[in-house]
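Undergrad: Have a look at the structure that comes next, please.
The values are calculated or read from the model by the stated rules, or taken from the named source; none is laboratory data. Source: prediction; values computed, not measured. Positions of Cβ are generated from backbone atoms using ideal geometry, with glycine treated the same way; all protein chains shown enter the neighbour counts. All accessible areas refer to the heavy atoms of the entire protein, side chains included, with ligands and DNA or RNA removed. Shrake-Rupley method; radii C 1.70, N 1.55, O 1.52, S 1.80 Å.
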Amino acid sequence: MPWTIDDVDKYHSGLSDEQKKKWVSIANSVLTTCVEKGGDESACAEKAIRTANARVDNQKQNKAVFSANMSKLVEQKQFDGKDYYVVPVVLICEGVHNDVFYSSEELGMLAESWNGRPVTRNHPVQVVSLDDGSEVEIPISANNPTVHERQTIGKLFNVFFDAPKLKGEAWIDIEKAKAVAQDVLELLEAEAQIEVSTGMFQFENAENGVWNNEDFSVVAHDIRPDHLAFLPDQKGACSWEDGGGA
């Protein structure tokens, strides 16, 4: 240890090269964290293997469900007694967005943790007054009652990483969208392109580099999902031109 791609078949067969990379990344990360916290190396290795197997299998299952569901661009389904529009989305792609580099390794590390996260109309913000009398908008989490009431229109499900893209399904509550996001609803019913933008917490390292001829000065890591914003009249950082959107 650490494990390499050549070791994966001993613990999980039938994986693609990309899935093996994912398995190795998860297993080595779990092992390192466990040992650093004082765990026995043998017990930590068993935990790392179980965790990597479970996460890779979950990603495979989500991808299969996603593919099976998306026979049409927008489908109408029932969930929890309500009518929903189900639409495929690309949440974000590997690349440089707003001067920050998001790697495939980081985007794919906890892809399943996006499941159940809120879908909102635009990003939630709080207006703050400054001493000079001006006002600024501060981004906030979507996970509070006020945002849920005013902006939340659905949830994410069946999210998986299909390098270099983070993909999934946005389940849009039709009645709620009628009340707070009629413009989003009209775009969905027209099967039109919709810009999206990820809302997430992340740590950032100051690091200059170049990715696909794009300069960056920051690298994101340890990403924690909060929400996905539908942007009916704005352009996302990972836009349609970059490969993102609904």
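Listed here are the residues, each with its yes/no results for (1) open to solvent by less than 20 Å² (accessible area, probe 1.4 Å); (2) within 18 Å of ILE92 (Cβ to Cβ); (3) under 12 Å from the mean Cα position of the chain (by Cα); (4) among the aliphatic types (A, V, I, L, M).
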{"position": "LEU188", "(1), (2), (3), (4)": "yes, no, no, yes"}
{"position": "GLN193", "(1), (2), (3), (4)": "no, yes, no, no"}
{"position": "ASP215", "(1), (2), (3), (4)": "no, no, no, no"}
{"position": "ARG224", "(1), (2), (3), (4)": "no, yes, yes, no"}
{"position": "GLN234", "(1), (2), (3), (4)": "no, yes, no, no"}
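Undergrad: Among the residues in segment 78-91, are any surrounded by 12 or more Cβ atoms within 10 Å (Cβ to Cβ), outside any strand (DSSP E or B) and either in contact (Cβ under 8 Å) with a residue 24 or more places away in the chain or among the charged types (D, E, K, R) (or both)?
TA: Scanning segment 78-91, I find no residue that is surrounded by 12 or more Cβ atoms within 10 Å (Cβ to Cβ), outside any strand (DSSP E or B) and either in contact (Cβ under 8 Å) with a residue 24 or more places away in the chain or among the charged types (D, E, K, R) (or both), so the answer is no.
Undergrad: Hey, can you tell me all the residues within segment 8-26 that are assigned to a helix (DSSP H, G or I) and modelled with pLDDT under 85?
TA: Once the filter is applied, which keeps residues that are assigned to a helix (DSSP H, G or I) and modelled with pLDDT under 85, segment 8-26 yields VAL8, LYS10, ASP17, GLU18, GLN19, LYS20, LYS21, LYS22, TRP23, VAL24, SER25, ILE26.
Undergrad: Which ranges mark the strands (runs of 3 or more DSSP E) fully within segment 111-165 that have 1 or more residues being in contact (Cβ under 8 Å) with a residue 60 or more places away in the chain and more than 22 Å from LEU187 (Cβ to Cβ)?
TA: 135-139, 152-162
Undergrad: Residues in segment 133-144: is at least one out of contact with any strand residue (DSSP E or B) (no Cβ under 6 Å at 6 or more places or on another chain), open to solvent by 50 Å² or more (accessible area, probe 1.4 Å) and at pLDDT below 95?
TA: yes
Undergrad: So which residues in segment 11-40 are without any contact (Cβ under 8 Å) to a residue 12 or more places away in the chain and more than 22 Å from GLU106 (Cβ to Cβ), if there are any at all?
TA: Within segment 11-40, SER13, GLY14, GLY38, GLY39, ASP40 qualify.
Undergrad: Further question on the same structure: Among (1) over 26 Å from PHE216 (Cβ atoms); (2) open to solvent by 50 Å² or more (accessible area, probe 1.4 Å); (3) modelled with pLDDT under 95, which single condition is ASN158 missing?
TA: (2)
Undergrad: Same structure again: Kindly indicate whether VAL159 is touching a Lys or Arg at 6+ places or on another chain (Cβ under 9 Å) and of a type in the set (A, V, I, L, M).
TA: yes
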